[in-house]
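Take a look at the structure below.
The values are calculated or read from the model by the stated rules, or taken from the named source; none is laboratory data. What you are looking at is a predicted structure, and each value in this text was computed from that prediction instead of being measured. Neighbour counts run over all protein chains shown; Cβ positions are idealised from the backbone, glycine included.
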Amino acid sequence: MNLGFIGTGKIASSIIFGIFKSNLKINRIYISSRNRNIAKKLKGRFSKIKICSNNQEIIDKASVIFLSVTPPVGKKILNNLSFKGKTVISLISTINERELKSKIHSKNICKAIPLPFIENRVGPIIICPKNRIAKKIFSKLGLVIEVNKEKLSFNFWATSSFMASYYEIYNSMTKWLVRRGLKKSQATNYVAELFFALSKDALLKKNIGFDKLVSDSQTPKGLNMQVLKELKKVKFYEKMNKSLNNVYKKFKK
Ligand SMILES: NC(=O)c1ccc[n+]([C@@H]2O[C@H](COP(=O)([O-])OP(=O)(O)OC[C@H]3O[C@@H](n4cnc5c(N)ncnc54)[C@H](OP(=O)(O)O)[C@@H]3O)[C@@H](O)[C@H]2O)c1
């Protein structure tokens, strides 16, 4: 299988790193020199990477094309490219299936939501609608969740927008520890290990439900109970849900 990426940015690079750590059988991956530094790095690292001089050449040489440009760039360039007979996996958040189909005349199109940790071959990957080839590729790189109704998939686009704010919790807590006199390395290690352990525990116990994890993590009148109560009082979680709603609205258009 020959893969091609239109746009060699953050998410394309994460997928490519994941692919080369996996046992997915591929012959070549065709990319362009946009972005130049990332393309250079990938080419230097992996012999199966080939840099093409333009987007159409990538499409012509590959059988599966990932669209990994931003929405404004996608809107600008897709009309002028020919994808006939190719499998197209679009990662472009806010170009919906209808618009995509009007720009790309290929029968085999789906959208997917990989996230940068795909480079470690972990985490969920949403595919919508079901697509055999996308599933074959992504199941080597994480947990595939197939969604057939596009409207439902928009909810996952909304939840996928919580990466930066999640990491900001790490960041704020680390800075708080440093301000209290802890060494930065010690604070960083502590916070990374704390959230790694919590995430791993949540994954192992997911079947008991997150309600139960919340209640099991609180001693009556204890410290966890105090923080949860204080955050609820300032409507921390309501604000989080409001942000999810606001992001979702971008997809409903
Ligand atoms: N990052 C994520 O976590 C994530 C997750 C899921 C989906 N997505 C989606 O994936 C898409 C890309 O996101 P990203 O974070 O990877 O963005 P990014 O890092 O900005 O990558 C976009 C790439 O497109 C290139 N580009 C610009 N104009 C181009 C053109 N005319 N032809 C070919 N390539 C061109 C840019 O090159 P230059 O730097 O040279 O301009 C850049 O390398 C977005 O639609 C986003 O919604 C991202």
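Observations on the structure shown:
- When residue 169 is tested against (1) assigned to a helix (DSSP H, G or I); (2) of a type in the set (A, V, I, L, M); (3) out of contact with any helix residue (DSSP H, G or I) (no Cβ under 7 Å at 6 or more places or on another chain); (4) under 20 Å from residue 13 (Cβ atoms), only condition (4) is not met.
- All conditions in (1) in contact (Cβ under 8 Å) with a residue 12 or more places away in the chain; (2) in the same structural domain as residue 243 (by TED's automatic domain parsing); (3) of a type in the set (Phe, Trp, Tyr) hold for residue 154, with the sole exception of (2).
- Test: residue in the range 176-198 that is within 19 Å of the chain's Cα centre (by Cα) and either within 16 Å of the ligand (Cβ to nearest atom) or more than 25 Å from residue 243 (Cα to Cα) (or both): no
- For the range 58-71, the criterion of being touching a strand residue (DSSP E or B) at 6+ places or on another chain (Cβ under 9 Å), at pLDDT 95 or above and hydroxyl-bearing (Ser, Thr, Tyr) is satisfied by at least one residue.
- Single residue of 102, 82 found to be of a type in the set (Gly, Ala, Ser), in contact (Cβ under 8 Å) with a residue 24 or more places away in the chain, over 15 Å from residue 7 (Cα atoms) and out of contact with any strand residue (DSSP E or B) (no Cβ under 9 Å at 6 or more places or on another chain): 82
- Matching residues, the range 28-79, being β-branched (Val, Ile, Thr) and touching a residue at least 60 places away in the same chain (Cβ under 8 Å): 64, 65, 69, 70, 73, 77
- When 152, 194, 231 are checked against the criterion of being part of a helix (DSSP H, G or I), of a type in the set (A, V, I, L, M, F, W, C) and farther than 30 Å from residue 17 by Cβ, 231 stands alone in meeting it.
- Looking at the range 31-111, the strands (runs of 3 or more DSSP E) lying wholly inside it that each contain 1 or more residues that are under 25 Å from residue 130 (Cα atoms) and either assigned by TED's automatic domain parsing to the domain that holds residue 12 or within 12 Å of the ligand (Cβ to nearest atom) (or both) sit at 64-67, 87-90.
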